Amino acid sequence: MRPLRARKPLAEEAADQIRQDILAGRLGQGERLVELRVATALNISRGPVREAFKLLRAEGLLQEEPNRGTYVVRLSHDDVREIYDLRAAIESRAAKLLARAGRPADLAELGRALDELERAAGRRDVTAVSQTDLAFHETLCRLTGNGRLHAVFMRHVPVVRTLIRLDEHLYSSPEEIAGEHRPMLEAIKARDPELAAARFEAHVEHAFGLVAEYIDHLPGAHDG
């Protein structure tokens with residue numbers, strides 16, 4: 001970890017750094033985080049680190065085990081299954097809502113998000129594909145105007161991508177990933193709620209299959 005130079009509250013800065021270290025694989029699933037060690041590494045006091053741990057527990061990235069300490073969350077196959085079941089439910093619902101509404105501004109924004117994904121795929125930039133793929137689905141949920149639906153997406157879905165290094169495993173064929181999204185958008189544009197919902201649900205189920213195959217080979221993936 002690198003020392004922090006405060007630009008926003010130290011707790012948020014610390015949470016950002018810890019989150020980045022999890023995303024980069026410098027902190028692995030199940031790794032124990034010691035408050036004093038983290039504070040020393042970041043060159044800050046323990047108070048902001050304590051608050052950062054609270055923020056990251058709320059995001060689902062850390063968990064506190066009584067009498068043992070704070071750990072990076074370890075995702076099991078069942079955890080991933082539950083998150084992708086949730087994704088299928090909320091994204092298919094979001095697709096229905098947008099298809100029914102048919103608001104040109106929403107369709108244009110979702111189209112721009114897809115354009116970004118396709119450009120990243122064209123560059124074969126797997127990191128950018130991962131980021132723009134997530135952004136497309138986040139945009140879908142946000143554009144419904146249903147704040148709770150969007151909040152549930154943001155609370156659970158990014159956790160999978162943060163805790164698991166998915167890029168090299170899911171994006172060996174970036175063009176294929178990007179290509180799956182165009183029919184989903186077209187169904188929304190056609191104002192066909194049932195087709196849009198079905199295509200998003202099928203897409204999420206396919207993604208789960210890829211993630212599940214990977215996570216089943218992680219050490220301790222079936223623990224708890």
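The values are calculated or read from the model by the stated rules, or taken from the named source; none is laboratory data. What you see is a predicted model; the values in this text were computed from it and never measured. For neighbour counting, all protein chains shown are included, and Cβ atoms are generated from backbone atoms with ideal geometry for every residue, glycine included.
One residue alone among 99, 58 is among the hydrophobic types (A, V, I, L, M, F, W, C) and at pLDDT 95 or above, and that residue is 99. Could you tell me whether the stretch 204-216 includes any residue that is loosely packed, with under 13 Cβ neighbours inside 10 Å and either modelled with pLDDT of 95 or more or hydroxyl-bearing (Ser, Thr, Tyr) (or both)? Checking the stretch 204-216: not a single residue is loosely packed, with under 13 Cβ neighbours inside 10 Å and either modelled with pLDDT of 95 or more or hydroxyl-bearing (Ser, Thr, Tyr) (or both). Taken as a whole, the condition of being of a type in the set (S, T, N, Q), at pLDDT 90 or above and out of contact with any strand residue (DSSP E or B) (no Cβ under 6 Å at 6 or more places or on another chain) does not apply to residue 76.
Considering the stretch 120-148, the residues that are modelled with pLDDT of 95 or more and among the basic types (Lys, Arg) include one that is surrounded by the most Cβ atoms within 10 Å (Cβ to Cβ), namely 142. With respect to the stated conditions, residue 138 is closer than 23 Å to residue 211 by Cβ and under 18 Å from the mean Cα position of the chain (by Cα). Scanning the stretch 153-160 finds one or more residues that are modelled with pLDDT under 90, under 15 Å from the mean Cα position of the chain (by Cα), among the charged types (D, E, K, R) and outside the structural domain of residue 20 (by TED's automatic domain parsing).
The number of residues in the stretch 86-120 being in a helix (DSSP H, G or I) and touching a residue at least 24 places away in the same chain (Cβ under 8 Å) comes to 24. Residues in the stretch 1-26 that are surrounded by 16 or more Cβ atoms within 10 Å (Cβ to Cβ), modelled with pLDDT of 85 or more and over 23 Å from the mean Cα position of the chain (by Cα): 10 only. Close contacts from the stretch 128-144, counting a first residue that is assigned by TED's automatic domain parsing to the domain that holds residue 95 and in a helix (DSSP H, G or I) and a second that is at pLDDT 95 or above and aromatic (Phe, Trp, Tyr), with Cβ to Cβ under 8 Å and a gap of 6+ residues or different chains, come to 140/200. Scanning the stretch 29-61 for residues that are under 21 Å from residue 160 (Cβ atoms), among the aliphatic types (A, V, I, L, M) and free of Cβ contacts under 8 Å to residues at least 40 places away in the same chain turns up 33, 58. Would you point out the residue of the stretch 92-117, among those that are of a type outside the set (A, V, I, L, M), out of contact with any helix residue (DSSP H, G or I) (no Cβ under 6 Å at 6 or more places or on another chain) and over 19 Å from residue 133 (Cβ atoms), that is surrounded by the most Cβ atoms within 10 Å (Cβ to Cβ)? Checked the stretch 92-117; the qualifying residue surrounded by the most Cβ atoms within 10 Å (Cβ to Cβ) is 93.
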